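The values are calculated or read from the model by the stated rules, or taken from the named source; none is laboratory data. A quick note: this is a predicted structure, and the numbers were derived from the prediction, not measured. As a convention, Cβ positions derive from the backbone with ideal geometry for all residues, glycine included, and neighbour counts pool all protein chains shown. Areas reflect the complete protein model, heavy atoms only, side chains present, ligands, DNA and RNA absent. Shrake-Rupley method; radii C 1.70, N 1.55, O 1.52, S 1.80 Å.
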Amino acid sequence: MKYVSTRGQAPALSFEEAMLSGLARDGGLYVPDEIPQLSADDLRAMNGLSYEEVAFRVMRPFVGDSFDDETFGDLIARAYAQFDHTARAPLVQLAPGHFLLELFHGPTLAFKDFAMQLIGQLFEEALTRRGERVTIVGATSGDTGSAAIEAFRGLDAVDVFILYPEGRVSEVQRRQMTTPTEENVHALAIDGHFDDAQARLKDMFNHFEFRDRVRLAGVNSINWARVLAQVVYYVTSAVALGAPDRKVNFTVPTGNFGDVFAGYIAKRMGVPIDRLVVATNQNDILHRTLATGTHTLDRVQPSISPSMDIQVSSNFERALFDAYGRDGNAVAQLMDELKTNGTYHVSQGALEALRDHFASGRASEDETSATIARLWRETGELLCPHSAVGVYVACETRDRSEPMVTLATAHPAKFPDAVEAATGIRPPLPERMADLFERDERITRVPNELDALETLIEERIRT
Ligand SMILES: *Cc1c(COP(=O)(O)O)cnc(C)c1O
């Protein structure tokens, strides 16, 4: 199994190489050169298996020679051992035909743990075997950073630097990043938005001298291994609802398009998924793009679902690559237009190809709050604001003849202010992190400048 860049110019890599390097050197994102298939019998045989067993069967063909069967199975087992629900990704019924996929039972209470806990294990194993170390730099709107720090803290082969937009993450998110005491993890508060943090991260990857000197690695959702880990819960939930014999739809609260793209991979593997509904908050660039074919950057408007306050949605490039018939030059051209003019137009053919798989919707701030209140009243389920965006859009767009699964991307206690404002209930943190607000914080403030960031990182890495 080889991985190729969406811009067509970087060398093809193995799974392990693509995982360790993150962004391709031509600025593109790695995607597998072919999609392994799950037959109807393969899906039927997954009935009743544990999450870990399904994870092994789904991911194994993508990994190639990078890990042997036994090692890969052990790493999966270790990755999910910290989750506090035996199903790992349980389904809860909200209404006839409408289900919630709870993805918040991992160590940092957001779906990011599914990928990050596994990636931590895979990095440690691969680097130890190679006798190498790497510097991981990540940009976060809150949840990726906490999941990365949790997954990599204390590991010998990695130093981790997480850039988060100062004042724009929730207090629980910030404390999950700033309270771990291990010397190899660093939370950096950048003066700017998430898009600034993500732009500086891309600048570092494109500054090859720095990239090579510190052996830069990325764990943002542009890292293929993260997308792959997220494919698994689409498969477990589809099988639980009757796949391969019954179709299912998913609504996915979306920012960087990583999670919903994992659903697209599951569909391409043969899981009977009808539609993947992209749910956005008021930062609705993806909804506008799918509705009109024009992708135009706007100002980020801070919302009560901050992990989706994004305009530059990196993984959308992967969907474009397929929609343009895997033409790397076409994708490179669109990305140049976006960089220069802040806009591009999707061709009619590519737009139709996207609409074969993706639908979309948007929830305003009021619609999000009202959905949190309504679900609490009608079902006793407390939703985080991101999950509420999903539930709102699912209810608006769903066709009742097929089951709809909405992804619950974070635990309500991670965003207690929005939940309390809507319901009057302040959701408590799980027991194991009840003392989060008493722990000491370590914060480094950094300017939104490439040079200053690179200097700081070089001063702090262990050699
Ligand atoms: C990251 C995140 C999202 C958006 O996921 P993408 O893969 O970036 O589209 C939605 N909800 C929560 C809680 C998140 O942490």
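At-a-glance table
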quantity	calculated
Filter result (away from the ligand (no atom under 13 Å from the Cβ), touching a Ser or Thr at 6+ places or on another chain (Cβ under 6 Å) and either β-branched (Val, Ile, Thr) or within 22 Å of Gln37 (Cα to Cα) (or both)) within segment 268-296	Thr296
Residue match in segment 348-357 (condition: surrounded by 15 or more Cβ atoms within 10 Å (Cβ to Cβ), more than 29 Å from Glu183 (Cα to Cα) and among the acidic types (Asp, Glu))	no
Leading residue by the ranking (nearest to the ligand (Cβ to nearest atom)) among those in segment 214-267 that are in a helix (DSSP H, G or I) and of a type in the set (S, T, N, Q)	Gln230
Neighbours by Cβ (under 9 Å, 6+ apart or cross-chain): first from segment 94-110, aromatic (Phe, Trp, Tyr); second in a loop (DSSP other than H, G, I, E, B)	Phe99/Leu241; Phe99/Pro403; Phe104/Phe111; Phe104/Cys384; Phe104/Thr409; Phe104/His411
Residue list for segment 289-308, filter: closer than 29 Å to Glu420 by Cβ, open to solvent by less than 50 Å² (accessible area, probe 1.4 Å) and either of a type in the set (Lys, Arg) or in a helix (DSSP H, G or I) (or both)	Pro306, Ser307, Met308
The listed residue being modelled with pLDDT of 95 or more and crowded, with 24+ Cβ neighbours inside 10 Å, out of Ala187, Ala197	Ala187
Matching entry among Ala363, Ala319 (being among the aliphatic types (A, V, I, L, M) and within 14 Å of Pro253 (Cα to Cα))	Ala363
Members of segment 137-170 found to be open to solvent by 20 Å² or more (accessible area, probe 1.4 Å), within 15 Å of the ligand (Cβ to nearest atom) and of a type in the set (D, E, K, R), listed by number	Glu150, Arg168
Breaking point among (1) among the polar types (S, T, N, Q); (2) in a helix (DSSP H, G or I); (3) open to solvent by 20 Å² or more (accessible area, probe 1.4 Å), for Thr368	(3)
Criterion: small (Gly, Ala, Ser) and either more than 16 Å from the ligand (Cβ to nearest atom) or in contact with a Pro (Cβ under 9 Å, 6 or more places away or on another chain) (or both) - qualifying residue of Gly22, Gly106, Gly73	Gly73
Among residues of segment 13-44, those that are outside any helix (DSSP H, G or I), open to solvent by 50 Å² or more (accessible area, probe 1.4 Å) and of a type outside the set (Asp, Glu), counted	3
Hits in segment 435-463 - residues which are more than 18 Å from Phe205 (Cβ to Cβ), open to solvent by 60 Å² or more (accessible area, probe 1.4 Å) and assigned to a loop (DSSP other than H, G, I, E, B)	Asp435, Arg439, Asp440, Glu441, Arg442, Ile443, Arg462, Thr463
Selection status of Asp274, at pLDDT 95 or above, open to solvent by less than 20 Å² (accessible area, probe 1.4 Å) and in contact with a strand residue (DSSP E or B) (Cβ under 8 Å, 6 or more places away or on another chain)	no
Pair list, Cβ under 9 Å, 6 or more apart: segment 385-404 residue over 24 Å from Val419 (Cα atoms) and assigned to a loop (DSSP other than H, G, I, E, B), other residue among the hydrophobic types (A, V, I, L, M, F, W, C) and away from the ligand (no atom under 14 Å from the Cβ)	Arg398/Met404; Glu402/Val248; Pro403/Phe99; Pro403/Leu241; Pro403/Val248
